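So the structure is just underneath, and the comments pick up after that.
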Amino acid sequence: AQSVTQLGSHVSVSEGALVLLRCNYSSSVPPYLFWYVQYPNQGLQLLLKYTSAATLVKGINGFEAEFKKSETSFHLTKPSAHMSDAAEYFCAVSVPRGGGADGLTFGKGTHLIIQP
Amino acid sequence: NAGVTQTPKFRILKIGQSMTLQCTQDMNHNYMYWYRQDPGMGLKLIYYSVGAGITDKGEVPNGYNVSRSTTEDFPLRLELAAPSQTSVYFCASSYSSGGAGDTQYFGPGTRLTVL
């Protein structure tokens, strides 16, 4: 079975600083990887996803992530943090199956705090 | 398109009561999902459906039931509510399987408290 580990339940950065949110996965087959963002009292919104094309994936709001198979990682970065980036971020994994949907397996989430 | 809509937004239940959480999508998606989100625990899959009339259990199905009579609707039924079912519930849908890397679209959630 696949799993996701997000290092750091809370990450605090200054406005304008680099954002780095860490995600490591475990899967016995090549996975699909996702980053979702959740703003307070809202549902989840897709930021970006890796589906075995380019290993560097660009998403919305200036975020990007790089798939590194050798490190089983899919870390999320943004060069310059903005106050509006404050939210909960979830890394998730799914694997190809012969049948059935089986949903996404989520990490526990990282709460991003932006300091003025 | 409204996307994925959920009702109600909030609900307080007493132990032993039952209720149905409603979920509707207008994107003609085949796949629909129910997740629960507990603080600090991420989201866990309760049930999913690959099309009308077809449902299957996820990771945490105990205490819940689902049905899928139409493509648009995927209600989640709680029988005999327990405090352990206090959570935020999210419905999601996708055109094809998550196992095929397809994007899931989420509703705004239902916050349920069982006292």
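The values are calculated or read from the model by the stated rules, or taken from the named source; none is laboratory data. In this text, all values refer to a predicted model and were calculated from it rather than measured experimentally. FYI the Cβ positions are ideal-geometry reconstructions off the backbone, even for glycines, and counts take in every protein chain you see. Side chains included, ligands, DNA and RNA excluded: accessible areas come from the protein's heavy atoms. Shrake-Rupley method; radii C 1.70, N 1.55, O 1.52, S 1.80 Å.
Here are a few things to note about the model shown:
- Test: residue in the stretch A:64-87 that is within 21 Å of residue B:42 (Cβ to Cβ) and over 16 Å from the mean Cα position of the chain (by Cα): no
- For the stretch A:87-103, a residue qualifies if it is at the interface with chain B (Cβ under 9 Å from one of its Cβ atoms), open to solvent by 10 Å² or more (accessible area, probe 1.4 Å) and at pLDDT 65 or above, and the qualifying residues are A:95, A:96, A:102.
- Scope the stretch B:39-74; condition open to solvent by less than 50 Å² (accessible area, probe 1.4 Å), in a loop (DSSP other than H, G, I, E, B) and within 10 Å of chain A (Cβ to nearest Cβ); matching residues: B:42, B:58
- Within the stretch B:87-115, being open to solvent by 30 Å² or more (accessible area, probe 1.4 Å), in contact (Cβ under 8 Å) with a residue 40 or more places away in the chain and touching a Phe, Trp or Tyr at 6+ places or on another chain (Cβ under 9 Å) holds for B:95, B:96, B:102, B:108, B:111, B:113.
- A count restricted to the stretch A:77-99 and to residues that are part of a strand (DSSP E or B) and touching a Ser or Thr at 6+ places or on another chain (Cβ under 9 Å) stands at 7.
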